[in-house]
Amino acid sequence: MQIYKITIRFLSYIGTPLHSDTIFGHLCWIYRYLYGKERLKEKILHHYETRPHLIVSCGFPAGYLPRPVLPPLSSSDLEAMVDKYFIKKGKHLLCGLDILKKVKKEKFIGKEDMEDIRQDVSEKAVTEILLCGRINNKGEEITHEQLTHVETTIPHNSISRLSGSVLKGGGFYHSAEMTFKYDIDIYVKVDPEIFDIQTIKTVFETLGKYGFGKDKSTGKGQFEVLDITQENLPQEGNAVMSLSYFVPDESLKDGYYNLFTKFGKLGGHYAITEIPFKNPLILMAPGSVFKVKKIKDYYGIGVRNIHAKTKIKHQTYLFPYFLGLSESKHVSNI
């Protein structure tokens, strides 16, 4: 399968997180509207539970990947790091611990930084390379790019469908809207015999005009496509880090992961059906790391029957970033 990286820039507020399964659903609807229901079934959904032709990653800050989920630093490693980067440079212990606490909360790692440590990944290596990007050679904290979206709370009033006016009481509520100060990278893995770069460009550009997520009818979730390039992500290693939400399969062995419960909702014209909500799904989050038994284009399983009345497909495959997981004493079975 061929990998492409799509870089986008949002032009408006967005109300829905850039989760891989949500992006996949949007792409399927746009593909259907552009090329028809039968072509969607033939090119994307046919045998999707066993042989997917399209896998999508989550959206990440441009130039970054999710931070790998790994066992925490041992007390001896932590003490050694504080001594090396702070105390020996004349800084106080509490200063070092405070900066390390900030490093621990970082959710992303630079793509180039990940390449530097990819062949021997451990929490120590990840923490050290993130720490070096946050301090100068004197152990002093420097200006650091904040890779967090800006969230705004918007007040709303509920309108009575009977009177057409604002409810007298109990109708006031809030919703959250996000803006990004940075561009977004999304990776897609496709069967080159079915998808070419022009098709991918057309679908993403149409989605950008159509809008992503909730309240797109009011102009939210619109973006422009800045670039589409063929990507060569690592294709070998004893482990994988996921770039998507997924359900694991038997080809994955020992690992470290975070769980996320997905309460999905139907999109497109299914959004106004009698039952627009999907069954809840427990997924493993991006950044989860698993050892693998063999190298494959994707991992995980396709989940069926997640909606009561439709035969919709839901992406639950692992989009792999291959790496060499350190064989240190901290790696154990989970």
For region 198-299, averaging the sequence separation of alpha carbon pairs under 8 Å that lie six or more residues apart and dividing by its residue count, the contact order in percent is 28 percent
Computed label-point distance, nm, for sites A80 and Y33 using a 7 Å Cα→Cβ extension: 5.5 nm
For L93 and D196 in one chain, what is 0.36 nm times their gap in residues minus the Cα-Cα distance, to one decimal in nm? 31.6 nm
Can you give me the relative contact order of region 66-132 as a percent, contacts being Cα pairs under 8 Å and 6 or more apart? 42 percent
Of the listed pairs K209/K296; K111/K138; K43/K181; K107/K220, those with alpha carbons more than 31 Å apart are K209/K296; K43/K181
Within region 176-205, GluC sites (Glu not before Pro) in DSSP loop having at most 16 other beta-carbon neighbours inside 10 Å: E193
Find how much the distance from E42 to N232 grows on full extension, using 0.36 nm per residue of separation minus their present alpha carbon separation; answer in nm with one decimal. 65.7 nm
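The numbers here are math on the coordinates, done by the rules we state, and not lab data. In this text, all values refer to a predicted model and were calculated from it rather than measured experimentally. FYI the Cβ positions are ideal-geometry reconstructions off the backbone, even for glycines, and counts take in every protein chain you see.
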